[in-house]
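Read-outs: derived from the displayed coordinates by stated rules, not from any lab. Bear in mind the structure is a predicted one, so any value in this text is a computation, not a measurement. As a convention, Cβ positions derive from the backbone with ideal geometry for all residues, glycine included, and neighbour counts pool all protein chains shown.
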Amino acid sequence: MAFHPRLFAALLVLLPAPALAQDMFKPLQDFVEDLVPRTKPAPRPAPVAKTAAETPPPLPKPRPEGLGEDVAKPVPEEPAAPAEDPAPPAEETTSQPEEAKPAPEPEADTRIYQVACPAMISGAVVAKMLPPIAEGVCMAQSPLEVTALTLNGRTVELTSPIATNCEMATALVDWAGEVDAYARAALDSEIAALQTGTSYMCRPRVGGGEAFTSEHGFANAVDVVGFTLADGRTVVVKDDWTPATTPEAKLLRQSHGAACGRFTTVLGPEANADHEDHLHLDLGCHGQTCTAQLCE
Ligand SMILES: [Zn+2]
């Protein structure tokens with residue numbers, strides 16, 4: 001079939017027509033295209049492979065938490081998931097973290113940072129955590145209420161619970177275990193109870209003037225009054241320190257000497273009149289390197 005030249009020219013003139021037609025229908029096409037992605041999620045099975053490969057960053061919706069880190073993982077694990085426009089997820093990822101942020105901040109402000117006590121975890125010390133102490137100059141971040149000690153495999157009660165820190169509780173159980181072994185060897189009876197006196201108390205140091213706060217004010221000191229033995233005997237500093245030659249006095253003096261190897265401060269009847277009826281034990285810092293000890 002041959003074209004007439006005029007007809008051919010007319011066709012040339014009409015060539016832009018398809019383009020024009022496209023422009024005319026573009027809005028409609030865009031409208032249709034807009035509809036397509038939205039309707040895709042419904043027929044999920046079909047586009048699985050394509051969409052998984054084409055749209056790496058996906059699915060924030062099912063995982064509201066940890067959006068940033070988890071974004072990459074869900075893709076291979078959940079192929080059935082969809083085919084949503086990359087745009088919407090991006091909006092959600094930016095908006096959700098903003099919503100989540102306000103929550104953690106107040107928690108950080110209100111959290112109380114305390115430390116656990118290994119001696120308590122192991123059972124060497126029977127205790128429970130107490131809230132932080134903040135009473136004027138007196139303070140203790142992680143005080144314990146100790147009710148018993150495990151001495152050589154036995155649970156030995158304290159005659160009254162003590163509030164002290166983990167370091168003191170740990171030194172105390174080690175020291176009391178040593179005294180218990182001595183009691184069994186020298187007095188043929190083991191310790192049945194530890195007679196405890198003052199522990200935490202916010203007060204100035206005895207004989208140190210008002211300017212010095214006692215280690216008791218930092219839950220860093222414990223007073224021990226004496227021991228109750230399994231055979232019923234009681235050995236107390238006030239009554240048994242002297243005469244020095246009795247088995248009971250020897251037990252007390254042995255306990256005093258053993259304490260000097262574990263605490264930085266040990267004060268007994270020979271220190272001053274304030275300590276005639278108990279042994280004061282603490283872990284206060286003496287000297288520039290906290291290695292000096294006071295044993296009286
Ligand atoms: Zn004391």
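In terms of its alpha-carbon gyration tensor, region 118-295 comes out oblate; a/c meets the 1.5 threshold, while b/c is at least as large as a/b. Grab the beta carbon distance between V115 and Q293, set R0 = 35 Å, and tell me the FRET efficiency rounded to 0.05. Calculated transfer efficiency: 0.90. Cβ under 9 Å from P269's Cβ, P269 left aside: what net charge do those residues give with Lys, Arg +1 and Asp, Glu -1? Result for the local shell: -2.
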